[in-house]
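Some notes on the structure that comes next.
The values are calculated or read from the model by the stated rules, or taken from the named source; none is laboratory data. The structure displayed is predicted, hence computed values, not measured ones. Backbone-built Cβ (ideal geometry, glycine too); neighbour counts: all protein chains shown.
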Amino acid sequence: MKNCEALVIGGSAGSLDVLIKVLPSIDVDIKFPIIIVLHRKKGTDSLLSDLLSTKTILKVKEAEEKENILPKTIYIVPSDYHLLFEKDLTFSLDYSEKVNYSRPSIDVTFQSAAEVYKDKLVCLLLSGSNADGVNGLTMVKEFGGEVAVQNPKTAQVDYMPNQAILRVNVDEILDIEQMADYINKLN
Amino acid sequence: MSNLPAISDEQVETLIDDVLDQYGYDFTGYSRASLKRRLNRLYSLDKQVSFAEFRYKIGSDSVYFKRFVEQITVNVTEMFRDPSFYKVLRDSVLPTIATYPFIRIWLAGCSTGEEAYSMAIVLKELNLLHKSLIYATDINPTVLEKAAQGMFPLSQMKQYSENYIASGGIKDFSSYYSANYSLAKFDVDLREKMIFSTHNLVSDHSFNEFQLILCRNVLIYFDRDLQFKVLQLFDNSLENLGFLALGTKETTDFSPISKRYKRLEMEKIWRKTVDEKL
C-alpha cells in the first residue's frame, strides 16, 4: 500500500523479540504513526516503552487518551486498557470487559482503526498463542485495508498467525527480515 | 457473514439525540469510539435485526431504556483495583484527612460498589469508619441496587484478596465476608456508612463538600470539554486541601482547574491547594 495513514501491529507471546529485531530498521521519515498492541501483564508499561525506545530513533510513547495521533511516532497501547480511535484522529482508552481474555485486545484496536482509517490502514499480526486479532483483520479487509501476518514458520508461537492465514484473506506473509522493508515501503 | 458494525456513525448521533429528547440523558459529550462500540455490542447481544426496531425499542420501552443505560456505560470494576493506589490512600491520604471531625468521601461513578466496600475496609482498619460517610453515586440505578447488596462473586475473592494484601492490608480478607453459594456477602457494618444515590455527572450539580473525591476510569469515556466540566464540578465539591483521585490513565493536566492542584507521589491523586482567587 502507498500513502498508508496508520500501521497497527498486534502480537502476543513471542512478539517482543520480533519488534526488537524490526524497529531498528524502520526509516525515520515514515509518514504514518505506528501503534503497537501487545498482550502482557499489568503495570509493565514504562518498561516496554523504555525498551522499545532504545531500538529506534523514532519517538516511542505510551498512547494517552484524547491525544492527537502524530506521524513518525510509535505508540504503545497501555496495559489493562483497550485502545480505540476517534474520527478526529485522537485516541480513547476503554476499561470495558476483556475480549478474548485480553485487555488490551488486538481485535478491539484493529476494528476501531478499520472504522477510522478504512482503506488507508495496514495491520500486521505477529506471533501469539490465541486468536485475538483475527476478527479484527477480517474487518480491516472489509474496509479495504491491508493485512499482513508474520510467517508462522518464523514465529515463536505460530497459533495466532496460523489462525489469521486460515480465516482471513491476508495480503502478505512476512519473514521477520522482510518486515522493516515492507513497512518502509508503505510511505 | 459481514463483520461490519451494524450501527453507523450517523445512527449513533440519532440515538444520542433521541435519548436526550425523550429521557433527558445527555450523552453528547461521550467519546464516540467507545459509545459506538457499546451500542454495537448491545445491538448484537440483544439480537436486534434492524436499526429502526432498535431505535423504536429504546424510545418507547422505558424498561429497555434502563438496560440501554446499563449496557452502554462501562461497569467493569474490582475491589482494591490498582493496589498501589490503595496503599497511598491508606498510608498517606486518609491519615491526613483523619484529623477532620467528620469525613465525607464521594465515589463518583461507583458502578457495582466494589470501590465503596474497599474504601470502607480501609477506613475501618484505620479506625475512621465510624466518623465517615461514603457517598457512592452512579448514573445507572441498576448498578446501585447491586452495590447496596454488597454481594460479589465468590470466584473473584482470590484476586481481591491478593489486591488487598498488595495494598497494605494485613487482616485475613475473608474475615470481611461470608460465603453464600456463589456469592461473597460483605459485612453489613461496612455498608452502614454508605449512601447510594443516582447522580449524572453530565447534568447534575454539586451536592455537598468533600475531603476526598474518587472518580476512576469514568473521565476516559468523556470528550475533553465534558472532562473539564466534570473536573470543575469536582473542584466545586472539594474542600480546600481536599484530595481528588482519578484513574491510572486520567489527569487534571490541560484542564482549567489544574493550577490549583498538586499531584501526590506516583499515583493519580491531586491535592487542592489553598484557593488563591481571594
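Answer yes if at least one residue in the range A:57-75 is among the aliphatic types (A, V, I, L, M) and within 13 Å of another protein chain (Cβ to nearest Cβ), and no otherwise.
There is at least one residue in the range A:57-75 that is among the aliphatic types (A, V, I, L, M) and within 13 Å of another protein chain (Cβ to nearest Cβ).
Quick one: would you say A:SER105 is surrounded by 16 or more Cβ atoms within 10 Å (Cβ to Cβ) and facing chain B (nearest Cβ under 8 Å)?
Taking the combined requirement at face value, the residue does not satisfy it.
Selection of the range B:139-157 for residues being in a helix (DSSP H, G or I) and under 25 Å from B:ASP204 (Cβ atoms) yields B:PRO141, B:THR142, B:VAL143, B:LEU144, B:GLU145, B:LYS146, B:ALA147, B:ALA148, B:GLN149. Being under 15 Å from the mean Cα position of the chain (by Cα), surrounded by fewer than 22 Cβ atoms within 10 Å (Cβ to Cβ) and of a type in the set (Ser, Thr, Tyr) is the requirement here; does B:THR99 meet it? Criteria not met by B:THR99. For the range B:24-44, filtered to residues that are under 20 Å from A:VAL116 (Cα atoms) and among the charged types (D, E, K, R), the residue that is surrounded by the fewest Cβ atoms within 10 Å (Cβ to Cβ) is B:ARG41. Out of the range B:40-91, which residues are more than 14 Å from chain A (Cβ to nearest Cβ) and of a type in the set (Asp, Glu)? Answer for the range B:40-91, where residues must be more than 14 Å from chain A (Cβ to nearest Cβ) and of a type in the set (Asp, Glu): B:ASP46, B:GLU53, B:ASP61, B:ASP91. Which condition breaks for A:SER79 when tested against (1) farther than 26 Å from B:ASN163 by Cα; (2) assigned to a loop (DSSP other than H, G, I, E, B); (3) hydroxyl-bearing (Ser, Thr, Tyr)? Unmet condition: (1).
For A:SER129, the conditions (1) within 21 Å of A:LYS42 (Cβ to Cβ); (2) touching a helix residue (DSSP H, G or I) at 6+ places or on another chain (Cβ under 6 Å); (3) within 14 Å of chain B (Cβ to nearest Cβ) all hold with the exception of (3).
Could you count how many residues in the range B:198-228 are under 21 Å from B:VAL76 (Cβ atoms), in a loop (DSSP other than H, G, I, E, B) and either free of Cβ contacts under 8 Å to residues at least 40 places away in the same chain or of a type in the set (S, T, N, Q) (or both)?
Count: 2.
Taking each residue of the range A:106-124 that is over 12 Å from A:ALA6 (Cβ atoms) and looking for partners that are among the acidic types (Asp, Glu) and surrounded by 24 or more Cβ atoms within 10 Å (Cβ to Cβ) with beta-carbon atoms closer than 8 Å, six or more apart or interchain, yields A:ILE106/A:ASP132; A:ASP107/A:ASP132; A:VAL108/A:ASP94. Just one residue in the set B:ASN75, B:ASN40 is among the polar types (S, T, N, Q) and part of a loop (DSSP other than H, G, I, E, B); that residue is B:ASN75. Name the single residue, out of those in the range B:9-36 being within 13 Å of chain A (Cβ to nearest Cβ) and free of Cβ contacts under 8 Å to residues at least 12 places away in the same chain, that is nearest to A:ARG167 (Cα to Cα). Looking at the filtered set, the residue picked out is B:ALA33. When B:ASP253 is tested against the conditions (1) at negative phi; (2) outside any helix (DSSP H, G or I); (3) in contact with an Asp or Glu (Cβ under 9 Å, 6 or more places away or on another chain), the lone failure is (3).
Can you name the number of the only condition in (1) surrounded by fewer than 22 Cβ atoms within 10 Å (Cβ to Cβ); (2) of a type in the set (Val, Ile, Thr); (3) closer than 18 Å to B:PHE85 by Cα that B:THR273 fails? Going through (1) surrounded by fewer than 22 Cβ atoms within 10 Å (Cβ to Cβ); (2) of a type in the set (Val, Ile, Thr); (3) closer than 18 Å to B:PHE85 by Cα one by one, B:THR273 breaks only (3).
Residue count for the range A:40-73 satisfying the condition of being within 15 Å of the chain's Cα centre (by Cα), modelled with pLDDT of 95 or more and either in a loop (DSSP other than H, G, I, E, B) or at positive phi (or both): 4.
Which of the residues that make up the range B:150-180 are more than 25 Å from B:ASN127 (Cβ to Cβ) and in contact (Cβ under 8 Å) with a residue 12 or more places away in the chain?
B:MET151, B:PRO153, B:LEU154, B:SER155, B:GLN156, B:GLN159, B:ALA179, B:ASN180
So for the range B:124-138 (the condition being part of a loop (DSSP other than H, G, I, E, B) and hydroxyl-bearing (Ser, Thr, Tyr)), does at least one residue qualify? Scanning the range B:124-138, I find no residue that is part of a loop (DSSP other than H, G, I, E, B) and hydroxyl-bearing (Ser, Thr, Tyr), so the answer is no. Residue count for the range B:123-176 satisfying the condition of being over 30 Å from B:LYS66 (Cα atoms) and either under 22 Å from the mean Cα position of the chain (by Cα) or modelled with pLDDT of 95 or more (or both): 27. Candidates in the range B:48-79 are the residues that are of a type in the set (Asp, Glu) and closer than 25 Å to B:GLN156 by Cα; of these, the one that is farthest from the chain's Cα centre (by Cα) is B:GLU70. In the range A:1-39, of all residues being polar (S, T, N, Q) and in a helix (DSSP H, G or I), the one that is surrounded by the most Cβ atoms within 10 Å (Cβ to Cβ) corresponds to A:SER15.
Would you confirm whether or not the range A:153-167 contains a residue that is among the hydroxyl-bearing types (Ser, Thr, Tyr) and crowded, with 19+ Cβ neighbours inside 10 Å?
Looking through the range A:153-167, at least one residue is among the hydroxyl-bearing types (Ser, Thr, Tyr) and crowded, with 19+ Cβ neighbours inside 10 Å.
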